[in-house]
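I have placed the structure first, in the form of structure tokens, so that the comments after it can refer back to it.
The values are calculated or read from the model by the stated rules, or taken from the named source; none is laboratory data. Because the structure is a prediction, the values reported are computed rather than measured. Counting neighbours? That spans all protein chains shown, and the Cβs are built from the backbone with ideal geometry, glycine included. Accessible surface areas use protein heavy atoms only, side chains included; no ligands, DNA or RNA. Shrake-Rupley method; radii C 1.70, N 1.55, O 1.52, S 1.80 Å.
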Amino acid sequence: MDEALEQLLGSYRLWRGSEGAVREGEAGRVAATGYGKLDACLPGGGWPLASLTEALSATCGIGELRLFMPALSALCRQREGWVVWIAPPHVPYAPALMQWGLEVSRILLIHPARDQEALWAMEQALSSATCVAVLAWINRMDERTSRRLQLAAGRGESWAIAFRPAAARREASAAALRLMLRPGSNGTDVDLFKVRGARPALVSDYDDRDGGSPLPLVRSPEESRAPGIGGRAGSG
Amino acid sequence: MVLPSRPVPPSEGQSPVLRPGRGRVAAIRRPARQQPLPLAGGEPPAEDPSPAHARQRRSQLWLCVRLPRIAFEALGETPVSAGPLAIMAEEGGQTLVHLPNRPAATAGVRPGQRLSAALALAPELATLSRRPRRERILLESLADWAGRFSPLVSPEAPDALLLEVQGSLRLFRGLDRLCRLVSEGLRQRGHRAQVCVAPTPLAALWLARGAGGRVEAMPELPRHLNPLDLGVTGWPAAVLKGLAGIGVTTVGECRRLPREGFARRFGAARLQALDRAFGRLPDPRPRHTGPPRFREQVDLGEETRDEALLAAGCSRLLASLEDFLLRHQRAARRLRFRFFHLRGEATPLTLGFSDAGCDVEHWRGLLGIRLERLSLPAPVIAVELATGRLERREGETTALPLAAGRAARPDGGLPRLVESLRARLGEHAVRGLRSLAEHRPQQVWDEVDPLEGGGCAGLSPWNRVQEVAAAGEEQGGSLLLERPLWILVRPQRLAVHGEAPCHDGPLQLVDGPERIESGWWDGADTARDYYVAETGAGARLWIYRDRRAPAGWYLQGIFG
């Protein structure tokens, strides 16, 4: 019985819904998010590398950058290359980046004059295969562009993250993972509304802040993997 | 030892060779008697090359490349134009025809005719003036190119190159293949050339000017050279006329004249030239060494704004540059293109690189990006490329593929991305970050050149702070020192309602205060109390209250 099942599952005529761009256990294709609740919802247990991730949010500062920080710092440690920031809304603060574990000497800031130049720079950076991750703040991006960026990320094996306004939810996009950040009752909710290889999910209060207590100072990936980040003893 | 009783013709006295049909075996034959020459300059004649000495001298093989249409090629005009065209040169105050093209030649225009005669023969003749300087530059650039075939290249003005190829025969697997490579290379560069080979340079030159042919060994040389007309020697017209007057019109007949008389009447230089051509005297040639810098110009033929033509012209220049760098084993760090217009100043375009390289493909890509954005005030008629100072080329070492896992990415790719981005977006649009040893949040960061600066300057106090904080956490407490991911370049003043600041609604202070007082020594004195505040929408902000005048609440950063 088991043999027949194995044979069937191994046949090329059967398409499995959980197979996608991400495979479990293949090192380098998935980066652990650092938040236990998110790891459980994402295929492979982490962010899909070598593809495009879209993060939508209505306001700046509700946690959309913090969401990716643990994975970015782990990638920085393992790989060589630039971390490219294209058209950031403000200046990234160097001491904070150091706190999160990113190397400041490998940061590349790009200030293009127009959206078209931003998209061109993103494609160049992704296909050059010298970047660990490319973070871009883009307003308008149509589906064809998102497909090109997805392919470029696959070619160059870099992680592309596009931050877009919340109104972009209604648009179609070829990104492998699309999520929306919303302020929730306890903390920030992450609405994974397009996940390649898994079902959409809603994660409320992704970093378990439990009433606004701040995060601990130095975070290492081993600590972050533990589900739920403990709050602080005492309050301010 | 057999001493010939009568003067042996020079053609037979050269080498100790078995002569079939003579019935006499000469073991060593002394060449013809050499009389001392009454030379005008008083220099001693070169030593008489005995056969033993000739055997000891390393045998040479010279390849001569002659470009009969160099005057046209230097100007950028193809010889096959629609109508008759002639290049005129100034000689002795008169304008004479230097080189006609094919339609003009069929009409009867010959080099050396006066302009009036040429116009009488071909009324619609168009004329161009000769540019000797351009021909010289073209010849030198070809000498650079020819350096890939031979270590000894000697340009022979005005239209020939001499290459010593005896040592290159093995590398190029034979003389035929070498000649074929040379011819094809020249054809690809757009030149019509005649290639001849001979054991001495002067003989190769004369053959190229005359009937052509390939002579590989010295004994065959007289057979090829003797029938050549004396015009190939390039001697002055008076000498040629004098020789024609006594009935001497070919090189062979000239050799049979008595040497002393010939030298006395026509000059010792002519006799020396004959000796050098036939190998009796050595003929050292100056070696061509290219200039240490590269500067070349290409004419586009007509005014144009067409990007394709501009790109093609620049591409040719880059190909030349590649040959030059390869030959001299150099690398370039800066390329300066200049686009010339008919009127006004030339438009410059500079490409600079972070480290000296010789990757012409990459440069071509960068140039393409820059050309798209270049605005030309007028149509372009010529393009020039010059390099800055050239540096020695570093060899590349590759690691053995023994490391497990993914192959290491080449380090050259990191600066290359920055250069590509800068080429399109501008130098100021691509920056890196740097963190300094400071407490004041405004001064602790700085934007720098990503390829030079970046990283932490010195031991930042944050390292120490992190150690202390980690120690504090273990003991059960914790220090409030989390920093926001975003910082505002200029702090934004917040409106105050009652006692509380507000920003998109009232702010709730979550953590604080943290007092930072610093900077009394350089005028940017700060004394601030920093708080972490939360807005109604859930965003977390880093705000401060300034304790110095004007006191107030300001927004410094946003937690990402």
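Would you pick out the residues in the stretch B:112-148 that are outside any helix (DSSP H, G or I) and open to solvent by 80 Å² or more (accessible area, probe 1.4 Å)? Working first, answer last.
Narrowing the stretch B:112-148 to residues outside any helix (DSSP H, G or I): B:112-114, B:122-131, B:147-148.
B:ARG114, B:PRO123, B:GLU124, B:ARG131, B:ARG148 - these are the residues of the stretch B:112-148 that are outside any helix (DSSP H, G or I) and open to solvent by 80 Å² or more (accessible area, probe 1.4 Å).
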Whether any residue in the stretch B:286-306 is hydroxyl-bearing (Ser, Thr, Tyr) and either more than 30 Å from B:GLU156 (Cβ to Cβ) or without any contact (Cβ under 8 Å) to a residue 24 or more places away in the chain (or both) is what I want to check. yes
Pairs please, first residue from the stretch A:177-189 and at the interface with chain B (Cβ under 10 Å from one of its Cβ atoms) and part of a strand (DSSP E or B), second anywhere and among the polar types (S, T, N, Q) and surrounded by fewer than 21 Cβ atoms within 10 Å (Cβ to Cβ), Cβ atoms under 6 Å, 6+ apart in sequence or on different chains. A:ASP189/A:SER204
What residue, among those in the stretch A:44-65 that are open to solvent by 10 Å² or more (accessible area, probe 1.4 Å) and of a type in the set (Gly, Ala, Ser), is nearest to A:PHE163 (Cα to Cα)? A:SER57
Filtering the stretch B:485-498 down to residues that are within 14 Å of another protein chain (Cβ to nearest Cβ), open to solvent by 30 Å² or more (accessible area, probe 1.4 Å) and under 25 Å from A:PRO183 (Cβ atoms) yields B:PRO491, B:GLN492
Filter the strands (runs of 3 or more DSSP E) completely within the stretch B:499-560 down to those with at least 1 residues that are within 14 Å of chain A (Cβ to nearest Cβ) and open to solvent by 30 Å² or more (accessible area, probe 1.4 Å). B:508-518, B:526-534
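Checking the condition surrounded by 17 or more Cβ atoms within 10 Å (Cβ to Cβ), modelled with pLDDT of 85 or more, touching a strand residue (DSSP E or B) at 6+ places or on another chain (Cβ under 6 Å) and within 18 Å of B:GLY190 (Cα to Cα), which residue from B:VAL65, B:VAL97 passes? Before the answer, list the steps.
Details: B:VAL97 fails: within 18 Å of B:GLY190 (Cα to Cα).
After applying the criteria, what remains is B:VAL65.
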Return the residues of the stretch B:153-171 that are part of a loop (DSSP other than H, G, I, E, B), surrounded by fewer than 20 Cβ atoms within 10 Å (Cβ to Cβ) and modelled with pLDDT of 85 or more; say none if nothing qualifies. B:LEU169, B:ARG170, B:LEU171
Picked from the stretch A:85-130 (must be part of a strand (DSSP E or B) and of a type in the set (A, V, I, L, M)), the residue farthest from A:GLU157 (Cα to Cα) is A:VAL91
Looking at the stretch A:218-228, is at least one residue at pLDDT below 85, of a type outside the set (Lys, Arg) and open to solvent by less than 10 Å² (accessible area, probe 1.4 Å)? yes
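One residue is enough: does the stretch A:140-161 have a residue meeting the conditions within 14 Å of chain B (Cβ to nearest Cβ) and polar (S, T, N, Q)?
Within the stretch A:140-161, the first condition is being within 14 Å of chain B (Cβ to nearest Cβ), and the residues that meet it are A:152, A:155-158, A:161.
Checking the rest, the ones that are also polar (S, T, N, Q) come to A:158.
Yes, that holds for at least one residue.
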Single match in A:SER173, A:SER73 (criterion: surrounded by 19 or more Cβ atoms within 10 Å (Cβ to Cβ), part of a helix (DSSP H, G or I) and more than 11 Å from chain B (Cβ to nearest Cβ)): A:SER73
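Among the residues of the stretch B:194-208, count how many are in a loop (DSSP other than H, G, I, E, B) and surrounded by 24 or more Cβ atoms within 10 Å (Cβ to Cβ).
Within the stretch B:194-208, the subset in a loop (DSSP other than H, G, I, E, B) is B:199-200.
Those left that are additionally surrounded by 24 or more Cβ atoms within 10 Å (Cβ to Cβ): B:200.
The total comes to 1.
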Would you say A:LEU135 is within 11 Å of chain B (Cβ to nearest Cβ) and touching a residue at least 60 places away in the same chain (Cβ under 8 Å)? yes
Answer yes if at least one residue in the stretch B:69-82 is surrounded by fewer than 22 Cβ atoms within 10 Å (Cβ to Cβ), among the charged types (D, E, K, R) and not in a loop (DSSP other than H, G, I, E, B), and no otherwise. no
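Could you tell me which of the residues A:VAL22, A:VAL83 is at pLDDT 85 or above, among the hydrophobic types (A, V, I, L, M, F, W, C) and closer than 27 Å to A:LEU151 by Cβ? Give the derivation first.
Numbers: A:VAL22 fails: at pLDDT 85 or above.
Result: A:VAL83 is the single residue among A:VAL22, A:VAL83 that is at pLDDT 85 or above, among the hydrophobic types (A, V, I, L, M, F, W, C) and closer than 27 Å to A:LEU151 by Cβ.
Out of all the residues in the stretch B:172-184, which are surrounded by fewer than 17 Cβ atoms within 10 Å (Cβ to Cβ) and in contact (Cβ under 8 Å) with a residue 12 or more places away in the chain? Spell out how you get there, then give the answer.
Start the filter on the stretch B:172-184 by keeping residues that are surrounded by fewer than 17 Cβ atoms within 10 Å (Cβ to Cβ), which leaves B:173-174, B:176-177, B:180-181, B:183-184.
Across the stretch B:172-184, the qualifying residues are B:LEU181, B:SER183.
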Residues of the stretch A:103-119 satisfying the condition of being more than 7 Å from chain B (Cβ to nearest Cβ) and open to solvent by 10 Å² or more (accessible area, probe 1.4 Å): A:GLU103, A:ARG106, A:ALA113, A:ARG114, A:ASP115, A:GLN116, A:LEU119
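Across the stretch B:537-560, what is the number of residues that are modelled with pLDDT of 80 or more and of a type in the set (Gly, Ala, Ser)? Break it down into steps so the answer makes sense when it comes.
So the first thing to find is which residues in the stretch B:537-560 are modelled with pLDDT of 80 or more, and the list is B:539-548, B:551-559.
The next check asks that each one be of a type in the set (Gly, Ala, Ser); those that pass are B:539, B:551-552, B:557.
Number satisfying all stated conditions: 4.
Would you check which residues across the stretch B:345-374 are in a loop (DSSP other than H, G, I, E, B) and modelled with pLDDT of 85 or more and list them? It would help to see each step written out before you state the result.
Here is the first cut: in the stretch B:345-374, the residues in a loop (DSSP other than H, G, I, E, B) are B:345-346, B:358-359, B:374.
Once the filter is applied, which keeps residues that are in a loop (DSSP other than H, G, I, E, B) and modelled with pLDDT of 85 or more, the stretch B:345-374 yields B:GLU345, B:ALA346.
Which residue, of B:ALA269, B:ALA263, B:ALA273, is under 22 Å from B:ARG66 (Cα atoms) and part of a helix (DSSP H, G or I)?
Numbers: B:ALA269 fails: under 22 Å from B:ARG66 (Cα atoms); B:ALA263 fails: under 22 Å from B:ARG66 (Cα atoms).
Among B:ALA269, B:ALA263, B:ALA273, only B:ALA273 is under 22 Å from B:ARG66 (Cα atoms) and part of a helix (DSSP H, G or I).
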Considering only residues of the stretch B:397-418 that are in contact with a Gly (Cβ under 9 Å, 6 or more places away or on another chain) and part of a loop (DSSP other than H, G, I, E, B), which is modelled with the highest pLDDT? B:GLY412
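Being among the aliphatic types (A, V, I, L, M), in contact with a helix residue (DSSP H, G or I) (Cβ under 7 Å, 6 or more places away or on another chain) and in a helix (DSSP H, G or I) is the requirement here; does B:LEU186 meet it?
Numbers: among the aliphatic types (A, V, I, L, M): yes; in contact with a helix residue (DSSP H, G or I) (Cβ under 7 Å, 6 or more places away or on another chain): no; in a helix (DSSP H, G or I): yes.
No: the conditions fail for B:LEU186.
When you scan the stretch A:74-86, do you find a residue that is under 18 Å from the mean Cα position of the chain (by Cα) and of a type in the set (S, T, N, Q), even just one? Before you say what the answer is, go through the steps one by one.
Step one: filter the stretch A:74-86 for residues under 18 Å from the mean Cα position of the chain (by Cα), giving A:74-79, A:81-86.
Retained after the next criterion (residues that are of a type in the set (S, T, N, Q)): A:78.
Looking through the stretch A:74-86, at least one residue is under 18 Å from the mean Cα position of the chain (by Cα) and of a type in the set (S, T, N, Q).
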Checking A:ARG155 against (1) surrounded by fewer than 23 Cβ atoms within 10 Å (Cβ to Cβ); (2) more than 21 Å from B:ARG416 (Cβ to Cβ), only one condition comes out false. Which one? (2)
Go through (1) within 25 Å of B:PRO158 (Cβ to Cβ); (2) assigned to a loop (DSSP other than H, G, I, E, B) for B:GLU216 and report which single condition fails. (1)
Which of the residues belonging to the stretch B:104-136 are under 38 Å from the mean Cα position of the chain (by Cα) and on the phi > 0 side of the Ramachandran plot? B:GLY112
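Would you pick out the residues in the stretch B:434-446 that are surrounded by fewer than 17 Cβ atoms within 10 Å (Cβ to Cβ) and without any contact (Cβ under 8 Å) to a residue 40 or more places away in the chain? Walk me through how you get there before you give the answer.
From the stretch B:434-446, those surrounded by fewer than 17 Cβ atoms within 10 Å (Cβ to Cβ) are B:436-437, B:439-440, B:442-443, B:446; that's our starting set.
Those that are surrounded by fewer than 17 Cβ atoms within 10 Å (Cβ to Cβ) and without any contact (Cβ under 8 Å) to a residue 40 or more places away in the chain: B:LEU436, B:ALA437, B:ASP446.
Within the stretch A:82-96, can you find the residues that are open to solvent by less than 10 Å² (accessible area, probe 1.4 Å) and either within 7 Å of another protein chain (Cβ to nearest Cβ) or of a type in the set (S, T, N, Q) (or both)? Before the answer, list the steps.
Step one: list which residues in the stretch A:82-96 are open to solvent by less than 10 Å² (accessible area, probe 1.4 Å), which gives A:83-86, A:92-96.
Passing the criteria: A:PRO92, A:TYR93, A:ALA94, A:PRO95, A:ALA96.
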